[in-house]
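Nothing in this text is a laboratory measurement; each read-out follows from the coordinates by a stated rule. Computed from a prediction, not measured in an experiment: that's the story for all the values here. Methodologically, a virtual Cβ is constructed for each residue, glycine included, from the backbone with ideal geometry; neighbour enumeration extends over all protein chains shown.
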Amino acid sequence: MKRLLFLLPLCLVACTAPKASYSSIQDPLVRDNFVFADEQLRVLLNETEAALDTVTITETTKVEPRTISPDGALLLATPRDWTSGFFPGTLWYMYEKSGDAFWKEKAIKFTDYLESVKTFKGTHDLGFMINCSYGNGLRLADVPGYKDIMLEAARSLSTRFNPTVGCIRSWDGGKWQFPVIIDNMMNLELLFWASKVSGDPVFRDIAVTHANTTMANHFRPDYSSYHVVDYDAAGDGKPIQFNTHQGYADESAWGRGQAWGLYGFTMCYRETGDPNYLKQAEGIAQFILNNKNWPEDGVFYWDFDAPEIPDEPRDVSASAIAASALYELSTMSETNGGQYLAAADKIVKSISEKYRNGVGELHGFLTNSSVGHRPGNVEVSVPLNYADYYFIEALVRKERLAKGEPVVPLGE
Ligand code: GLY
């Protein structure tokens, strides 16, 4: 017994100490962030696993770290929460950059919690949930079964498509008939993937139709976007309301919404080569980068039209999503690549220097100062798992660019 007690501290060190040196990472900023993330995410993992040790895990158990509560407690999310895929996705990126079996084992564990989501037809968020988790897992480790789970999820997501409207329905509740939110562009990546893998063009057709309908109806002449467009699904399928839900006002430019649109149309151009999508992505990028309320450090206010700027909360999540998208767009644009690269670099540098937590702080989340839903006063100036995911993804893309590799490898 004495001998076992003697070994305990050694085990604790072995279980929590970073194993990888990340010395193969060329870009110093990326390397510094991965060394930090290796230590910090172990804190989040340890706390999450400790919480899960005390419960019986079912399909409705809160299993994935999402954010913190107003009194500072760690909050976990159920598999059906729209954010459930981001933590496993972050763990996959840790495995990609470290090659350490520890991260692979944890990534598989937290990905596998989400399997039941594949048949859930009550949300448009399946792309986020399944592509970030299983999608990265399939790309990096070809885990048996992942492909079938993703295809099943793509079939479930496709059931929400309405051909009269030409869109996938976002939410089932609220004051709308057939609401479509700009965020929904992100879910199309799973459908493009599904057509490539299955050979069935239907998934891709749905994605293209959704993107075209969104391009026609969600955007203002300056390339800023509405958050919610409501469609007359029972009638002619045309738009009937233009609203916000998480932004400042119906006519404002919600920060994260602009980032979702930028990322979504950049991804659509990658998947189709349609120059209209490139034009759209560049239009959105120019709206953001030329906006008088895009701050000097590049880190978005929660809404470009928030009334008290500069005394308004920043949203690190929106900036991280935009940075990741801008790295990809920088490789596509004929004339503005340098501008997009510089903007992405500025954002990741600012997040690293100003919005990163200290080791052990905030339960092990990487970043702070994100905004979930400001009008509802929910998740304001807190860490969010999707801010961390897109921050890490942006860093991975920055490193690929430094090494002259494709910024988004096939299969991602
Ligand atoms: N898709 C939900 C959000 O961006 O908050």
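In a reduced charge model with +1 at each Lys and Arg Cβ and -1 at each Asp and Glu Cβ, the chain shows a dipole moment near 800 debye about its Cα centre. Listed by chain and number, the aspartates and glutamates whose C-alpha is less than 14 Å from the C-alpha of Lys104, apart from same-chain residues fewer than 8 away, are Asp38, Glu96, Asp112, Asp142. List the trypsin sites (Lys or Arg not before Pro) in the stretch 115-164 that DSSP assigns to loop (not H, G, I, E or B) and whose Cβ has at most 15 other Cβ atoms within 10 Å. Which are they? Loop-located and lightly packed - Lys121. Counting each pair of different Cα atoms once, what's the Kirkwood radius of the stretch 93-187 in Å, rounded to one decimal? In the stretch 93-187 this quantity evaluates to 14.4 Å. When the Cα positions of Val299, Ser381, Leu41 are compared along the charge dipole of the chain, Leu41 comes out farthest toward the positive end, with charges on each C-beta of Lys, Arg, Asp and Glu. Each residue of the stretch 346-361 was assigned a 3J(HN,Hα) from its phi angle through the Karplus expression (A = 6.51, B = -1.76, C = 1.60, θ = phi - 60°), giving 4, 5, 5, 5, 5, 4, 4, 8, 10, 10, 9, 7, x, 4, x, 7 Hz with x at Gly and Pro. Extent of the stretch 268-317 along its three principal axes (Cα atoms, max minus min coordinate, largest first): 41, 19, 18 Å. Normalising the average separation of contacting C-alpha pairs (under 8 angstrom, six or more residues apart) by the number of residues puts the relative contact order of the chain at 15 percent.
Dividing the summed helix terms, -39500 (n - 2.57) for each DSSP H run of n ≥ 4, by the number of residues in the chain produces a 222 nm estimate of -15500 deg cm²/dmol to the nearest 500.
Compute the Cα gyration tensor for the stretch 359-401, then decide on rounded, prolate or oblate, letting a ≥ b ≥ c be the square roots of its eigenvalues: rounded whenever a/c is under 1.5, prolate when a/b is larger than b/c in the other cases, and oblate in all that remain. Spell out each step's value before the answer.
Values: a/c = 4.12, a/b = 1.68, b/c = 2.45.
It comes out oblate by the Cα gyration axes.
The GluC sites (Glu not before Pro) of the stretch 201-293 meeting both criteria, a DSSP state outside H, G, I, E and B (loop) and at most 16 other C-beta atoms within 10 angstrom of the site's C-beta, are Glu251. Phe128 sits among other residues whose Cβ lies under 13 Å from its own Cβ, and their net charge, with Lys and Arg +1 and Asp and Glu -1, is -3. Peptide packing: for 292-301, 86-95, 64-73, the average count of neighbouring Cβ atoms within 10 Å per residue gives the ranking 86-95, 292-301, 64-73, highest mean first. The alpha-carbon atoms of the stretch 321-412 define a convex hull whose volume equals 124 cubic angstrom per residue. What is the stretch 74-231's relative contact order, in percent, from Cα pairs under 8 angstrom and six or more apart in sequence? It rounds to 20 percent for the stretch 74-231.
Ranked by the mean number of other Cβ atoms within 10 Å per residue, highest first, peptides 37-43, 256-262 order as 256-262, 37-43. Look at the alpha carbon pairs under 8 Å that are at least 6 residues apart: their mean separation over the length of the stretch 183-319 gives a relative contact order of 21 percent. Straight-line cross-link partners of Lys118 among the lysines, defined as a Cα under 19 Å from its Cα and at least 8 positions apart when in the same chain: Lys62, Lys109, Lys147, Lys196. Taking 0.36 nm per residue of separation and subtracting the current Cα-Cα distance, fully stretching the chain between Thr54 and Glu405 would add 122.0 nm. Quick one: Debye curve from the alpha-carbon atoms of the chain only, equal weights, vacuum; give me log10 I(q)/I(0) at q = 0.07, 0.10, 0.11, 0.13 Å⁻¹ to two decimals. Log10 of I(q)/I(0), two decimals: -0.30, -0.63, -0.77, -1.11.
When Rg and the Kirkwood Rh are both derived from Cα coordinates, the Rg/Rh ratio for the stretch 213-359 amounts to 0.99.
Once the Cα atoms are used to define both axes, helix 275-289 deviates from the longest principal axis of the chain by about 70 degrees.
So how strong a dipole does the stretch 245-378 carry about its Cα centre when Lys and Arg Cβ are +1 and Asp and Glu Cβ are -1, to the nearest 20 debye?
Roughly 300 debye for the stretch 245-378.
The lysines whose alpha-carbon is closer than 28 Å to the alpha-carbon of Lys292, local same-chain residues fewer than 8 away aside, are Lys279, Lys346, Lys349, Lys354, Lys398.
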